[in-house]
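Peer 1: Here it is, the structure in full.
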Amino acid sequence: MEKLRRIVNEIAYAQDHAKLTPIQSSLIPLLSLASSLYGISLFLRHSFYRFGFFSKHRLPVPVISVGNLTWGGNGKTPMVEFLAHCLADSEISPLILTRGYAGGDEVRMLERHLLERPAKIGKNCINPKVGSHLKSGKIGAVILDDGMQHWSLRRDLEIVMVNGLMPWGNRKLLPLGPLREPLMALKRADIAVVHHADLISEQNLKDIELEMRDIKKSLSIFFTRMVPSYLFEVGNINSKIPLTAVCNANVLCVSAIGSANAFVQSLQKLGPCSVNRLDFNDHHSFQARDIEMIKKKLEELEGKFNPKPIVVVTEKDYDRDPEILMHLEAYKVLVLCSKLQIIPCRGCTEDSFKLLLKELVDVK
């Protein structure tokens, strides 16, 4: 299954199908059929909501949706955390509703980061307990993590995250391509955020922006990046190791996230001697065989380089299963902690973003 997911991902982001391998090409007819069926079901579901066959309900507090049009690596969860901090700073207690994929790695990360904040985290549904919090005034706003396709709940602000490194792939719907909806769905958005904007050229940024404005001219567009802040060692989550710890080191990046390239590029900027990588599919849960593969790669690197290589993983990878990474005890394993930051660009700044949030809450 892991290999099949990787092949499908490669097809989705291939720019030229003529360059696909025979195995990849053989899957195109089946994926095309599945993509067509998915498109039909998407159209029917959207029509049922538009004509009132399926109802939408409204909450008594502002609802902010953070979603995307493609799978993985778009920065949804860092944006959700950023929003939660912004609201908490304004003395508004947010409720984060998340789907909690792959055993809840993102949920655990949010819980750690928001531990001392007046934020609550729940599943992506409204249950009686949540409803009582809303009625009692304990919750001032709701944030939907991965909410763009959650059409049953009305929202007051629709934020769409876009991975600047690979925005639309081959522009086909799932599973032939990475699109969860056609690009015209951007018309529903109030804000588009181009993530990893620091890792792509100015021309590519302009091209992405122009294409989105062709769909919706009034769309507010912001640009973000992930800024490394510190490291901690697996087994000692309370340690705060400076980023200089990887300077001049031999690093093996191990990740199972949607945008491994962004993670590796962030590490390279910290000045290690060499950077090698092992990439797994997004949300992959590491198994004993994966640990053996990592150990084998480390032994190879140890024979080539001096000093001894160290492993660096993302917080999501750590939170998915902190215990299994302890099996790499012969090597130092560090976790890179990063925060989302809005890049000032064309008048769109962190202050203007926060002003949009404030206006939303005040109007509501």
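The values are calculated or read from the model by the stated rules, or taken from the named source; none is laboratory data. In this text, all values refer to a predicted model and were calculated from it rather than measured experimentally. We place every Cβ from the backbone using ideal geometry, glycine too, and count neighbours over all the protein chains shown.
Peer 1: Kindly establish whether residue 302 is farther than 27 Å from residue 9 by Cβ and not assigned by TED's automatic domain parsing to the domain that holds residue 72.
Peer 2: Details: farther than 27 Å from residue 9 by Cβ: yes; not assigned by TED's automatic domain parsing to the domain that holds residue 72: yes.
Yes, satisfied.
Peer 1: Scan the range 216-229 and tell me whether some residue there is in a strand (DSSP E or B), modelled with pLDDT of 95 or more and of a type in the set (Lys, Arg).
Peer 2: There is at least one residue in the range 216-229 that is in a strand (DSSP E or B), modelled with pLDDT of 95 or more and of a type in the set (Lys, Arg).
Peer 1: I would also like to ask the following. Among (1) over 22 Å from residue 343 (Cα atoms); (2) surrounded by 13 or more Cβ atoms within 10 Å (Cβ to Cβ), where does residue 261 come up short?
Peer 2: Among (1) over 22 Å from residue 343 (Cα atoms); (2) surrounded by 13 or more Cβ atoms within 10 Å (Cβ to Cβ), residue 261 violates only (1).
Peer 1: Looking at 158, 181, which is the one that is buried (at least 19 other Cβ atoms within 10 Å of the Cβ), modelled with pLDDT of 95 or more and part of a loop (DSSP other than H, G, I, E, B)? Spell out the reasoning first.
Peer 2: Working: 158 fails: part of a loop (DSSP other than H, G, I, E, B).
Only one candidate qualifies: 181.
Peer 1: I'd like to check something: does the range 276-283 contain any residue that is surrounded by fewer than 20 Cβ atoms within 10 Å (Cβ to Cβ) and touching a Phe, Trp or Tyr at 6+ places or on another chain (Cβ under 6 Å)?
Peer 2: Yes, some residue in the range 276-283 is surrounded by fewer than 20 Cβ atoms within 10 Å (Cβ to Cβ) and touching a Phe, Trp or Tyr at 6+ places or on another chain (Cβ under 6 Å).
Peer 1: What pairs come out if I take residues in the range 107-120 that are free of Cβ contacts under 8 Å to residues at least 60 places away in the same chain and pair them with residues that are part of a helix (DSSP H, G or I) and among the hydroxyl-bearing types (Ser, Thr, Tyr) whose C-beta lies under 8 Å away, six or more apart or interchain?
Peer 2: 110/77
Peer 1: Let me ask something additional. Take the residues in the range 127-153 that are more than 23 Å from the chain's Cα centre (by Cα) and in a loop (DSSP other than H, G, I, E, B); name whichever of them is modelled with the lowest pLDDT. If you could, list the steps in order and put the result at the bottom.
Peer 2: As a first pass, look at the range 127-153 and keep what is more than 23 Å from the chain's Cα centre (by Cα): 127-140.
If we keep only those that are in a loop (DSSP other than H, G, I, E, B) too, we end up with 127, 137-140.
Numbers: 127: 58, 137: 62, 138: 82, 139: 90, 140: 92.
Among those residues, the one meeting the criterion is 127.
Peer 1: Going by the conditions given, is residue 352 among the small types (Gly, Ala, Ser), within 22 Å of the chain's Cα centre (by Cα) and farther than 14 Å from residue 246 by Cα?
Peer 2: no
Peer 1: With respect to the numbered conditions (1) in contact with a His (Cβ under 9 Å, 6 or more places away or on another chain); (2) of a type outside the set (Phe, Trp, Tyr); (3) crowded, with 20+ Cβ neighbours inside 10 Å, which one is the sole condition not fulfilled by residue 253?
Peer 2: If we test residue 253 against (1) in contact with a His (Cβ under 9 Å, 6 or more places away or on another chain); (2) of a type outside the set (Phe, Trp, Tyr); (3) crowded, with 20+ Cβ neighbours inside 10 Å, just (1) comes out false.
Peer 1: Hey, another quick one. May I ask you to list the residues in the range 290-316 that are within 17 Å of residue 245 (Cβ to Cβ) and small (Gly, Ala, Ser)?
Peer 2: Once the filter is applied, which keeps residues that are within 17 Å of residue 245 (Cβ to Cβ) and small (Gly, Ala, Ser), the range 290-316 yields nothing.
Peer 1: State whether one or more residues within the range 38-50 are closer than 30 Å to residue 362 by Cβ and under 28 Å from the mean Cα position of the chain (by Cα).
Peer 2: Scanning the range 38-50 turns up at least one residue that is closer than 30 Å to residue 362 by Cβ and under 28 Å from the mean Cα position of the chain (by Cα).
Peer 1: Look through the range 184-211, keep the residues that are among the aliphatic types (A, V, I, L, M) and part of a helix (DSSP H, G or I), and return whichever of them is nearest to residue 77 (Cα to Cα).
Peer 2: Within the range 184-211, the first condition is being among the aliphatic types (A, V, I, L, M), and the residues that meet it are 184-186, 189, 191-194, 197, 199-200, 205, 208, 210.
Filter once more, so that each one left must be part of a helix (DSSP H, G or I): 184-186, 197, 199, 205, 208, 210.
Working: 184: 23, 185: 21, 186: 19, 197: 17, 199: 19, 205: 22, 208: 22, 210: 26 Å.
Only one residue fits best here, namely 197.
Peer 1: Residue check: is residue 354 among the charged types (D, E, K, R), farther than 24 Å from residue 235 by Cβ, in contact with a helix residue (DSSP H, G or I) (Cβ under 7 Å, 6 or more places away or on another chain) and assigned to a helix (DSSP H, G or I)?
Peer 2: Values: among the charged types (D, E, K, R): yes; farther than 24 Å from residue 235 by Cβ: yes; in contact with a helix residue (DSSP H, G or I) (Cβ under 7 Å, 6 or more places away or on another chain): yes; assigned to a helix (DSSP H, G or I): yes.
Yes, satisfied.
Peer 1: Now, a different point. Can you run down the residue pairs with Cβ atoms below 6 Å, 6 or more apart or on separate chains, where the first is in the range 27-49 and closer than 22 Å to residue 9 by Cα and touching a residue at least 24 places away in the same chain (Cβ under 8 Å) and the partner is basic (Lys, Arg) and surrounded by 11 or more Cβ atoms within 10 Å (Cβ to Cβ)?
Peer 2: What qualifies is 35/172.
Peer 1: Of the residues that make up the range 45-64, is at least one under 20 Å from residue 173 (Cα atoms) and of a type in the set (D, E, K, R)?
Peer 2: yes
Peer 1: Could you check the range 214-231 and list, in sequence order, the residues that are over 21 Å from residue 268 (Cα atoms), of a type in the set (A, V, I, L, M) and in contact (Cβ under 8 Å) with a residue 40 or more places away in the chain?
Peer 2: 221
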